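The values are calculated or read from the model by the stated rules, or taken from the named source; none is laboratory data. All values reported here derive from a predicted model rather than from experimental measurement. Cβ placement follows ideal geometry from the backbone for every residue including glycine, while neighbour counts extend to all protein chains displayed.
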Amino acid sequence: MFFSSYQTEGFFDEMFEAGGGVRPHAQLVLETINSLDGGQLLRHKHAAERLLLQLGITFNVYGDNQGTERIFPFDLIPRIVPAAEWGYIERGLKQRIHALNCFIDDIYHDQKIVKDGAIPADIITSAASYRKQCHGLTPPFGVWCHITGTDLVRDRDGQYYVLEDNLRVPSGVSYVLENREVLKRIFPRVFEGLAVRPVNEYTSRLLEMLESLAPNPRGKPQVVVLTPGIYNSAYFEHSFLAQQMGVQLVEGRDLVVAGGDVFMRTTKGPQRVDVIYRRVDDDFLDPEAFRPDSLLGVPGLMSAYRAGRVALANAPGNGIADDKVIYAYVPEMIRYYEREEPILPNVPTYLCWRDADRSHVLANLDKLVVKSANESGGYGMLVGPHSTAAQRAEFAAKIAAEPRNFIAQPTLALSRVPTIVDDHFEGRHVDLRPYVLCGKEIYVLPGGLTRVAMRKGSLVVNSSQGGGSKDTWVLAHDPAPHAGQEQ
Amino acid sequence: MTHAQPLLSRVADAVYWMARYIERAENVARFLDVNHNLMLDLPKAYTGQWQPVIDTTGDSALFRQRYGEATQQNVLQFLAFDPGYPNSIYSCIRFARENARSVRETISSEMWQQINNLYLLITEESRRETPASLPAFCHAVRMACHLFAGILDVTMSHNEAWHFIRVGTLLERADKTSRILDVKYFILLPSVHDVGTPYDDVQWAAVLKSVSGFEMYRKRFGRIAPERIVEFLLLDGEFPRAIRYCISRADRSLRAITGAPAGTFSCASEQRLGLLRGELDFARVEPILTAGLHEFCDALQTKMNTIDEYVLNDFFAQQPAARS
């Protein structure tokens with residue numbers, strides 16, 4: 001009944017096959033939804049929203065009045081990833097993260113990959129996120145990206161692509177954990193019937209990984225989470241992770257560097273800190289090393305880090321590989337460092353600094369998605385098919401002025417998941433952000449943040465741009481297809 | 001507390017103020033409720049006694065400047081919902097939540113949720129100028145604060161941060177009790193023509209009810225008598241809103257924080273709090289009344305303010321998210 005008028009409209013639908021039949025792994029969820037009446041479904045939806053508000057699971061909106069909090073819109077219908085499909089994603093992510101770490105370590109040391117001609121030298125030095133202060137540093141295990149939140153998307157044929165790597169300070173994992181808690185309260189029976197892999201070991205894994213980074217711990221390593229403060233859009237997540245790991249949440253003003261070590265100011269005097277999970281951008285870490293006007297930072301932090309007195313996760317300087325021009329070379333990195341073909345493909349990318357690519361981009365602005373090389377969060381972006389002539393002219397001028405700063409990709413027909421719209425369901429476009437921890441070993445959280453563009457037809461899923469989220473269920477094993485299930 | 005986690009100075013400061021604001025909100029709600037209830041019992045000539053409620057806040061000048069006359073409507077608006085007045089119930093809860101938000105990893109999730117629920121309740125209510133039903137509103141705020149106290153007690157380890165919460169709560173409570181005593185004693189004592197009338201008893205009973213102390217007073221002293229009420233509210237060692245009780249428990253918590261044994265001190269705040277505790281432990285009510293209760297209350301408030309300042313100097317290096 002909810003789905004009587006549901007259309008896949010030629011998109012890849014995560015729940016229904018092209019012919020309209022339900023995918024086997026979504027059967028139980030569909031039955032559960034269909035067993036509800038409209039009132040019950042809406043009551044569940046409101047209950048979930050009220051729960052999120054009461055739990056204070058909110059984010060701050062920039063550009064709004066300071067302190068405006070909103071709940072991240074949450075849709076009850078989960079996105080389900082079959083076990084076999086997840087195995088593929090997991091292998092692909094491990095390969096990619098490993099290669100990215102090799103690349104960053106190489107770039108801040110001998111730059112072999114450049115010398116061997118696999119990547120042009122000038123795109124490295126021209127990257128805004130290249131940090132010369134990090135040259136020659138060797139973080140523990142040679143790992144620069146301890147926590148990654150890779151954005152994956154699926155195109156019309158269902159193929160997964162890596163859209164962005166998000167190596168710097170990826171956020172959203174707290175929503176993965178909290179969304180699951182909310183859904184378990186609302187649909188306990190479905191969890192009883194399906195083998196959904198749990199996500200709640202994430203914070204233990206995170207703590208374990210962070211503790212393993214301690215340079216020379218005396219006893220139990222002192223780990224802290226460094227936040228820009230309560231007005232940061234991801235503050236809820238910072239405090240949530242600190243709370244779940246049982247570690248201190250500190251702001252820059254709580255830390256002080258003395259005698260080469262980092263200390264936090266406590267009621268009983270200074271206490272040494274071994275590992276900082278920093279949720280602050282490179283630029284705001286240390287006014288002595290980066291931006292001198294930063295009030296958030298800790299003077300001397302980078303010297304302590306360079307001297308091996310404290311560990312920082314993620315490692316400063318790793319944003320070099322987040323540059324969208326360098327992103328285009330990740331397949332080359334995988335071939336170069338892993339001597340393998342990439343398991344997860346990149347989205348085909350045009351680099352505007354190449355003359356041929358630029359001409360193509362300028363001639364096809366109405367079909368492409370243009371992104372600036374160093375922005376995130378859906379800012380600085382043009383979605384060609386949804387743009388106005390004025391917007392295209394503006395981007396054409398920007399591209400001509402700073403070709404190094406822009407890339408373009410075909411507009412993908414992102415996959416869709418049924419989403420509650422008033423009293424029925426409509427398909428809405430989604431992406432998927434799995435979280436990867438990398439210390440001595442690489443761990444991929446079985447799940448991830450499914451972000452959904454709540455507006456009809458929209459392809460922009462960022463929370464800052466009106467996106468919402470869904471719980472992501474990774475199945476432990478796939479259900480055998482029933483005979484005669486499809487007519 | 002040998003293996004205790006270190007406590008950030010900023011966090012200690014924030015939990016201390018979170019506690020003070022919650023306690024302040026609860027007291028203001030109780031004062032409003034009791035005064036409103038009293039108005040209903042008194043003959044018309046007495047009604048409109050809202051100025052004393054303003055006086056107990058110590059912010060009479062600000063009130064006069066912003067609202068002028070102490071009508072019921074004005075007082076309710078000022079004390080319940082005025083976002084520009086830092087000690088209104090609305091502001092207190094907002095500041096308490098702001099502080100709680102900055103230390104969510106230190107307090108328990110349940111405590112955070114309860115403060116957040118209280119905040120959602122007050123934001124909803126404060127869309128009006130004054131509460132739709134004053135008794136219902138005050139009751140809701142008080143119960144929410146009591147629930148918070150219970151949640152605090154059973155969900156959070158009684159660690160250093162918890163003791164800072166206790167110190168904040170108890171100093172705030174002692175301050176409020178001293179203010180109500182000071183203001184009410186002044187008003188009620190000169191009304192000799194009321195002595196022996198039912199209204200005298202009603203008004204004194206209201207003083208006790210302002211600190212939820214009526215029933216416990218009855219058990220302790222029975223008949224309503226001004227000196228005994230003063231003794232009860234100042235010097236009782238068992239009633240949780242009596243000043244001596246608050247000071248002795250605050251002293252206990254501060255010792256738990258520093259580890260200093262009784263009879264010694266390790267910092268200025270501890271020394272001042274110990275002195276005050278000793279003074280109250282060995283005081284009798286008669287000399288206080290002879291020398292003047294107002295003078296005593298005044299001195300008491302000064303001492304408690306000094307303790308607050310020393311706590312800040314001794315433990316909190318920096319400013320919390322919000323404070324007045």
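Which one of the conditions (1) crowded, with 22+ Cβ neighbours inside 10 Å; (2) within 14 Å of chain B (Cβ to nearest Cβ) does A:Val256 fail to meet, given that it meets all the rest?
Result: A:Val256 passes all but (1).
Of everything in the range B:294-324, what is modelled with pLDDT under 90 and either among the acidic types (Asp, Glu) or more than 21 Å from B:Phe95 (Cα to Cα) (or both)? Give them in sequence order.
Selection gives B:His294 alone.
Give the residue that is modelled with the lowest pLDDT, with candidates limited to residues of the range B:194-240 that are part of a loop (DSSP other than H, G, I, E, B) and within 18 Å of B:Arg284 (Cα to Cα).
The selected residue is B:Ala225.
Out of all the residues in the range A:429-446, is one or more free of Cβ contacts under 8 Å to residues at least 60 places away in the same chain, within 29 Å of A:Ser233 (Cα to Cα) and surrounded by fewer than 24 Cβ atoms within 10 Å (Cβ to Cβ)? Spell out how you get there, then give the answer.
In the first step, residues of the range A:429-446 are kept if they are free of Cβ contacts under 8 Å to residues at least 60 places away in the same chain; the result is A:441.
Going one step further and asking which of them are within 29 Å of A:Ser233 (Cα to Cα), we end up with none.
No, that holds for no residue.
Which is at pLDDT 95 or above and within 25 Å of A:Tyr379 (Cβ to Cβ), of A:Leu206, A:Leu210, A:Leu152?
A:Leu152
Are any of the residues in the range A:111-131 in contact with a helix residue (DSSP H, G or I) (Cβ under 6 Å, 6 or more places away or on another chain), part of a helix (DSSP H, G or I), modelled with pLDDT of 95 or more and aliphatic (A, V, I, L, M)?
Checked the range A:111-131: at least one residue is in contact with a helix residue (DSSP H, G or I) (Cβ under 6 Å, 6 or more places away or on another chain), part of a helix (DSSP H, G or I), modelled with pLDDT of 95 or more and aliphatic (A, V, I, L, M).
Six or more apart or on different chains, Cβ under 6 Å: which pairs go from a residue in the range B:109-120 that's within 9 Å of chain A (Cβ to nearest Cβ) to one that's not in a helix (DSSP H, G or I)? Could you list them?
Sorted first by the residue in the range B:109-120, then by its partner, the pairs are B:Trp112/B:Arg104; B:Asn116/A:Gly56.
Within the range A:317-428, considering only helices (runs of 4 or more DSSP H) that don't extend past its boundaries, which have at least 2 residues that are within 26 Å of A:Arg451 (Cβ to Cβ) and more than 23 Å from the chain's Cα centre (by Cα)?
Helices (runs of 4 or more DSSP H) meeting the threshold: A:389-401.
Restricting the range A:259-272 to residues that are in a loop (DSSP other than H, G, I, E, B) and more than 10 Å from chain B (Cβ to nearest Cβ), which is surrounded by the most Cβ atoms within 10 Å (Cβ to Cβ)?
If we filter the range A:259-272 for residues that are in a loop (DSSP other than H, G, I, E, B), which is where we start, we get A:259-260, A:267-268.
From what's left, more than 10 Å from chain B (Cβ to nearest Cβ): A:259-260.
Numbers: A:Gly259: 7, A:Gly260: 12.
If we take residues in the range A:259-272 being in a loop (DSSP other than H, G, I, E, B) and more than 10 Å from chain B (Cβ to nearest Cβ), then A:Gly260 is surrounded by the most Cβ atoms within 10 Å (Cβ to Cβ).
Starting from the range B:248-259, take each residue that is more than 14 Å from chain A (Cβ to nearest Cβ) and list its partners that are buried (at least 18 other Cβ atoms within 10 Å of the Cβ) and in a helix (DSSP H, G or I), counting only C-beta distances under 6 angstrom and pairs at least six apart or across chains.
B:Ser248/B:Arg277; B:Arg249/B:Leu170; B:Ala250/B:Val167; B:Ala250/B:Leu170; B:Ala250/B:Leu171; B:Asp251/B:Leu273; B:Asp251/B:Arg277
Taking the condition of being within 17 Å of A:Ile57 (Cα to Cα) and within 13 Å of chain B (Cβ to nearest Cβ), how many residues in the range A:214-233 meet it?
The total comes to 5.
With the condition kept exactly as written, say whether any residue in the range A:277-291 is more than 11 Å from chain B (Cβ to nearest Cβ), β-branched (Val, Ile, Thr) and closer than 21 Å to A:Gly439 by Cα. Let's see the steps before the verdict.
Initially, the range A:277-291 is screened for residues more than 11 Å from chain B (Cβ to nearest Cβ), giving A:277-291.
Within this subset, residues satisfying the condition of being β-branched (Val, Ile, Thr) are A:280.
Narrowing further to those that are closer than 21 Å to A:Gly439 by Cα: A:280.
Yes, the range A:277-291 contains a residue that is more than 11 Å from chain B (Cβ to nearest Cβ), β-branched (Val, Ile, Thr) and closer than 21 Å to A:Gly439 by Cα.
Of all helices (runs of 4 or more DSSP H) completely enclosed by the range B:1-90, which ones contain at least 3 residues that are at pLDDT below 90?
B:9-41, B:51-57
Of the residues that make up the range B:52-70, is at least one within 19 Å of B:Thr130 (Cβ to Cβ) and within 14 Å of another protein chain (Cβ to nearest Cβ)?
There is no residue in the range B:52-70 that is within 19 Å of B:Thr130 (Cβ to Cβ) and within 14 Å of another protein chain (Cβ to nearest Cβ).
With the structure loaded, tell me whether A:Ala26 is assigned to a loop (DSSP other than H, G, I, E, B) and either closer than 23 Å to A:Ala195 by Cα or more than 25 Å from the chain's Cα centre (by Cα) (or both) or whether it fails that test. Can you show your working first?
Working: assigned to a loop (DSSP other than H, G, I, E, B): no; either closer than 23 Å to A:Ala195 by Cα or more than 25 Å from the chain's Cα centre (by Cα) (or both): yes.
In short, no.
Residues in the range B:302-311: is at least one under 22 Å from the mean Cα position of the chain (by Cα), part of a loop (DSSP other than H, G, I, E, B) and not aliphatic (A, V, I, L, M)? Full working, then the answer.
First pass over the range B:302-311, keeping only residues under 22 Å from the mean Cα position of the chain (by Cα): B:302-311.
From what's left, part of a loop (DSSP other than H, G, I, E, B): none.
Within the range B:302-311, not a single residue is under 22 Å from the mean Cα position of the chain (by Cα), part of a loop (DSSP other than H, G, I, E, B) and not aliphatic (A, V, I, L, M).
Quick one: what pairs do we get from the range A:285-306, first residue under 15 Å from A:Val275 (Cα atoms) and surrounded by 20 or more Cβ atoms within 10 Å (Cβ to Cβ), second at pLDDT 95 or above and of a type in the set (Lys, Arg), C-beta under 8 Å, 6+ apart or different chains?
That search, which allows pairs on different chains as well, returns A:Leu285/A:Arg278.
Restricting to the range B:131-176, count the residues that are in contact (Cβ under 8 Å) with a residue 12 or more places away in the chain, surrounded by fewer than 20 Cβ atoms within 10 Å (Cβ to Cβ) and polar (S, T, N, Q).
Residues that pass the stated criteria total 2.
Evaluate the range A:239-249: report whether one residue or more is away from chain B (no Cβ under 14 Å) and free of Cβ contacts under 8 Å to residues at least 60 places away in the same chain. Lay out the reasoning, then the answer.
Filtering the range A:239-249 for residues away from chain B (no Cβ under 14 Å) gives none.
The answer is no; no qualifying residue exists.
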